[in-house]
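The values are calculated or read from the model by the stated rules, or taken from the named source; none is laboratory data. Quantities reported herein were computed from a predicted structural model and do not represent experimental measurements. Backbone-built Cβ (ideal geometry, glycine too); neighbour counts: all protein chains shown. Areas reflect the complete protein model, heavy atoms only, side chains present, ligands, DNA and RNA absent. Shrake-Rupley method; radii C 1.70, N 1.55, O 1.52, S 1.80 Å.
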Amino acid sequence: MATILLVAEQARGHLKKATLNALTAAQQVAQKNGGHIQAVVVGGAGEELAQFVQNVHFVQNAEFEHALAETHAAAVAEAAKKLQATDVVIAATAYGKDIAPRVAAKLGAGIASDILAVVSANQFKRAMWAGNAIATVEVTTPVKVITVRTTEFAVAQKAASAGQVQPLHVAAPPAKTRFVEFSEVKSARPELTEASVVVSGGRGTKGDFKPIEQLADVLGAAVGASRAVVDAGWQPNDLQVGQTGKVVAPKLYIAAGISGAIQHLAGMKGSKTIVAIGPSRTVRGSQKAQVISRLGVTRIAVPVPFAEAGGPANVYVIEEDQGGVALFDAGIGTREGKEALEHGFAKAGLSFGDIRRIFVSHGHLDHYGYARAAQEASGAPVYVHVRDHDKVTGRDRTKQRLDLYGAYLTRLGAPPSLLEHVKVHFQDFRRMARPLEQVEPLEPGTVLKFKRFSAEVLHLPGHTPGLVCLWDAGNSVLFSDDHLLERVSPNPLIDLESNAEPTHRALVEYIRSARKVRELPAQLIAPGHAEPFSGHVEIIDRLLGFYEKRQARLLDLLHVKGPQSPADLAPQIFPNAREHHLYLTLSEVMGNLEVLESQGRIARKERGGRIVFEAV
């Protein structure tokens with residue numbers, strides 16, 4: 001018979017509510033595999049847990065008094081072996097996330113982390129891409145470790161009768177770490193992850209949390225914060241709600257001055273009721289999806305295999321006036337990309353044969369990679385700005401073009417290894433994006449008419465020379481693709497366009513384009529990655545300020561150290577960058593140098609076949 005071992009978590013001698021959520025998941029696993037549940041408490045007593053579980057074991061001696069991952073993981077792994085556990089279940093709290101990977105390694109077990117549902121004895125559902133996709137994962141090892149997203153499972157009920165509590169003798173391993181102190185932010189308010197009401201504040205509070213705290217005290221609520229607030233130092237880390245913070249699911253969640261970014265939604269979208277408080281000029285919460293839907297637009301998130309992109313790429317499926325649909329971007333040409341598109345089309349009751357027109361925002365493979373296959377399936381024409389034609393047709397990926405890049409990167413002072421990374425990048429294009437044989441020009445200023453709205457084509461060079469966005473003035477919606485993302489700055493990449501030296505100064509062009517977009521009365525931005533957002537003026541101002549600080553840093557380095565090449569400057573600006581990111585960091589540095597050069601603050605010279613910059 002299978003044995004499910006529930007790992008309990010305690011604080012100040014009391015059982016944490018998260019353990020009871022994990023118990024519900026353990027009960028579901030037991031129903032699927034016909035097993036029975038036992039529990040282990042490390043560093044505490046088990047009487048409280050015995051009200052819910054029939055067999056409770058406690059490991060209690062001085063070595064386990066403090067919740068060190070090193071000692072507690074060893075204790076849990078040893079308990080699992082002694083009790084012949086087939087499944088080890090623990091809440092996906094900070095404690096659970098700390099010890100679960102260690103337990104799995106010690107047991108040689110597969111791990112299903114942060115599960116949302118139990119599908120079968122071996123299969124579980126878990127979120128990916130900040131909740132944009134729900135995957136069913138299967139663990140095939142004899143022993144499984146399962147961490148449970150507590151917001152997705154109800155609190156377990158007490159058993160009809162109290163269970164047995166017995167000690168379990170486990171030897172503590174030689175410790176390489178030692179406990180120094182436990183520093184806790186004490187509050188009379190409920191703990192964030194266990195509160196039934198949460199009041200959270202975002203960047204819109206301007207750092208003034210008094211109204212947030214006053215409202216929380218009236219409602220008996222916990223106080224939360226967005227990542228932007230924590231990053232700004234306005235509130236401590238332990239209040240952060242979101243993908244990289246705490247996950248909560250209260251009965252009532254009040255979000256004040258929070259933009260509704262996907263990273264924040266990932267931490268609170270399980271809340272029963274959500275109230276958003278913000279300026280009326282912006283679109284908040286679920287209204288964003290409703291605006292897009294009213295336009296006859298379906299957003300399909302397509303996974304991409306590189307983190308730098310900022311998450312899955314969006315394909316916007318737009319209803320056409322005479323039937324069928326148009327695409328704004330086509331996703332990436334991988335198997336996973338194809339499957340995501342097929343699933344999105346099927347969910348909308350469509351097939352690829354319904355496509356009438358395909359508009360490509362720019363020539364990066366995560367946005368046009370599947371266009372060739374979609375064109376072949378539908379016979380639809382593909383429209384791209386002329387300055388990105390070479391990218392989508394493959395003419396920018398030849399050996400001759402690679403040689404041009406090699407020569408130019410050498411002049412920037414780049415090591416030979418960078419060219420090898422560029423070669424790999426070229427190979428990725430062939431593998432993930434079939435070249436288009438026929439494309440039509442997408443002219444700036446053209447007004448595209450769809451079933452429920454019309455949009456003007458805006459040429460906004462920067463991210464690529466031929467990048468375009470769609471501006472729906474009637475509904476104040478900008479389909480911004482990669483020109484404007486909420487949480488990721490668009491990389492100003494070096495782009496030669498078949499020249500020995502670029503005429504496209506990526507960041508100079510991008511800043512000019514961003515200032516144009518800043519003047520648009522946009523209420524909603526539908527980006528190339530992640531969910532729609534509002535507040536574009538603030539985001540652009542923050543981005544431009546970020547670039548100004550980077551340019552000031554470069555100028556300081558040139559003043560202090562004298563003339564340097566872009567490759568000399570890159571590691572000083574990005575000291576922790578990995579080697580395969582050198583093209584991105586070199587492009588970023590070169591872009592900012594070109595901005596300073598355009599302002600007359602620095603000058604370039606060629607010395608010994610190398611381009612160097614010096615302060616004026």
(request) Give me the distance in nm between label points sitting 7 Å out from Cα along the Cα-to-Cβ direction at residue 598 and residue 159, one decimal. (result) 7.0
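Name the longest site-free stretch of the chain, where the excluded sites are GluC sites (Glu not before Pro) in a DSSP loop with no more than 12 other beta-carbon atoms within 10 Å. Don't skip to the answer; put the middle values down first.
Numbers: sites that count: 181, 184, 437, 519.
No qualifying site falls inside 185-436, the longest such stretch.
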(request) Quick one: which residues, 5+ away or cross-chain, put their amide H under 5 Å from the amide H of residue 385? H built at 1.01 Å from N. (result) 442
(message) If you count only protein heavy atoms with a 1.4 Å probe, what accessible area per residue comes out for the chain, rounded to a whole Å²?
(response) 44
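Tell me whether the range 459-598 comes out rounded, prolate or oblate; compute the Cα gyration tensor, take square roots of the eigenvalues as a ≥ b ≥ c, and use a/c under 1.5 as the rounded threshold. Can you show the working numbers first?
Values: a/c = 2.10, a/b = 1.81, b/c = 1.16.
Here the range 459-598 falls in the prolate category.
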(request) Just report the Cα centroid separation between the range 554-616 and the range 1-75, whole Å. (result) 56
(request) Just subtract the alpha-carbon distance of residue 342 and residue 560 from 0.36 nm times their residue separation and send over the number in nm, one decimal. (result) 72.9 nm
(message) Binning at 10 angstrom from zero up to the longest distance, how are the C-alpha pair distances of the range 132-253 distributed in percent?
(response) 10, 27, 27, 25, 11, 1
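Return the tail of the calculated pair distribution for the range 350-488, meaning the percent of Cα-Cα pairs more than 26 Å apart. Kindly include the intermediate steps, with their values, before the conclusion.
Numbers: 3012 of 9591 pairs.
Everything past 26 Å amounts to 31 percent.
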(message) Using 0.36 nm times the number of residues separating residue 244 and residue 417, minus their current alpha carbon distance, what extension gain do you get?
(response) 58.9 nm
(request) Mind listing the long-range amide H neighbours of residue 115? Cut-off is under 5 Å, sequence gap 5 or more, other chains count too, H placed in the peptide plane at 1.01 Å from N. (result) 147, 148, 149
(request) For the range 87-233, build the charge dipole from Cβ charges (+1 Lys, Arg; -1 Asp, Glu) around the Cα centre, then report which of 157, 233, 187 sits farthest towards its positive end. (result) 233
(message) Using only Cα atoms and rounding to the nearest 10 degrees, what angle (0 to 90) does helix 17-33 make with the longest principal axis of the chain?
(response) 90
(message) With the cut-off at 32 Å, tell me which of the pairs 186/288; 269/449; 16/81 have Cα atoms farther apart than that.
(response) 186/288; 269/449
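Based on DSSP, what percent of beta bridges with both residues in the chain are antiparallel, to the nearest 5?
Values: 40 of 93 bridges.
That works out to approximately 45 percent antiparallel.
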(request) Using only Cα atoms, find the angle between the long axis of helix 582-598 and the longest principal axis of the chain, and express it within 0 to 90 degrees, rounded to the nearest 10. (result) 50
(request) Please name whichever of 259, 381, 499 sits farthest to the positive end of the charge dipole of the chain, dipole taken about the Cα centre and charges placed at Cβ: Lys and Arg +1, Asp and Glu -1. (result) 259
(message) Looking at the calculated P(r) for the chain, what percent of the C-alpha pair distances fall above 39 Å?
(response) 42
(message) Suppose the chain between residue 66 and residue 11 were pulled fully straight at 0.36 nm per residue; how much longer would it get relative to their current alpha carbon spacing?
(response) 18.8 nm
(request) Using the Kirkwood radius over Cα pairs, work out the Stokes-Einstein diffusion coefficient for the range 190-285 at 10 °C and 1.306 mPa s, in µm²/s as a whole number. (result) 125
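In the chain, what percent of the accessible surface is made up of carbon and sulfur (1.4 Å probe, ligands and nucleic acids excluded)?
Here carbon and sulfur together make up 50 percent of the probe-accessible area.
Would you mind working out the magnitude of the charge dipole of the range 390-527 relative to its Cα centre, with +1 at each Lys and Arg C-beta and -1 at each Asp and Glu C-beta, to the nearest 20 Debye? Let's see the in-between values first.
Details: 19 positive and 18 negative charges, 39 e Å.
Dipole of the range 390-527, to the nearest 20 debye: 180 debye.
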(message) Amide H of residue 276 versus every other amide H placed in the peptide plane: which residues, excluding those fewer than 5 positions away on the same chain, fall under 5 Å?
(response) 255
(request) For residue 403, tell me the accessible area in Å² from a 1.4 Å probe, rounded to the nearest 10. (result) 80
(request) Report, to the nearest 10°, how far helix 335-347 tilts away from the longest principal axis of the Cα atoms in the chain, using its own Cα long axis and a range of 0 to 90°. (result) 80
(request) Go from 0 up to the bin containing the longest alpha carbon distance in the range 4-161, width 5 Å each, and give me the % of pairs per bin. (result) 2, 10, 20, 25, 22, 13, 6, 2, 0
(message) Starting from the 7 Å offset along Cα-to-Cβ, what nm value, one decimal, do you get for the label separation of residue 377 and residue 476?
(response) 3.6
(message) With θ taken as phi - 60° and the coefficients 6.51, -1.76 and 1.60, list the Karplus ³J(HN,Hα) couplings across the range 195-212 in order, rounded to whole Hz; mark glycine and proline as x.
(response) 6, 8, 9, 10, 10, 10, x, x, 4, x, 6, 6, x, 8, 9, 4, x, 5
(message) 7 Å from Cα along Cα→Cβ at both residue 272 and residue 210: what's the point-to-point distance in nm?
(response) 3.3
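Using the Kirkwood radius over Cα pairs, work out the Stokes-Einstein diffusion coefficient for the range 75-150 at 4 °C and 1.567 mPa s, in µm²/s as a whole number. Before the final figure, lay out each step's value.
Values: Rh = 12.5 Å.
The Stokes-Einstein estimate is 104 µm²/s.
Using C-alpha positions alone, give me the convex hull volume of the range 215-265 per residue in cubic angstrom.
Details: hull volume 4.2 nm³, N = 51.
Cα-based convex hull of the range 215-265, divided per residue, equals 83 Å³.
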(request) Using only alpha carbon positions, build the gyration tensor of the range 12-60, then give the equivalent ellipsoid semi-axes as the square roots of 5 times its eigenvalues, largest first, whole angstrom. (result) 20, 12, 8
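Got a sec? What order do 559, 66, 72 fall in by accessible area at 1.4 Å, biggest, i.e. largest, first?
These residues rank, largest area first, as 559, 66, 72.
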(request) Among 135, 341, 361, flag the residue with its Cα farthest along the positive direction of the charge dipole of the chain, charges on Cβ as +1 for Lys/Arg and -1 for Asp/Glu. (result) 135
(message) Please give the charge dipole size of the chain, origin at the Cα centre, charges +1 on K and R Cβ atoms and -1 on D and E Cβ atoms. Round to the nearest 20 debye.
(response) 340
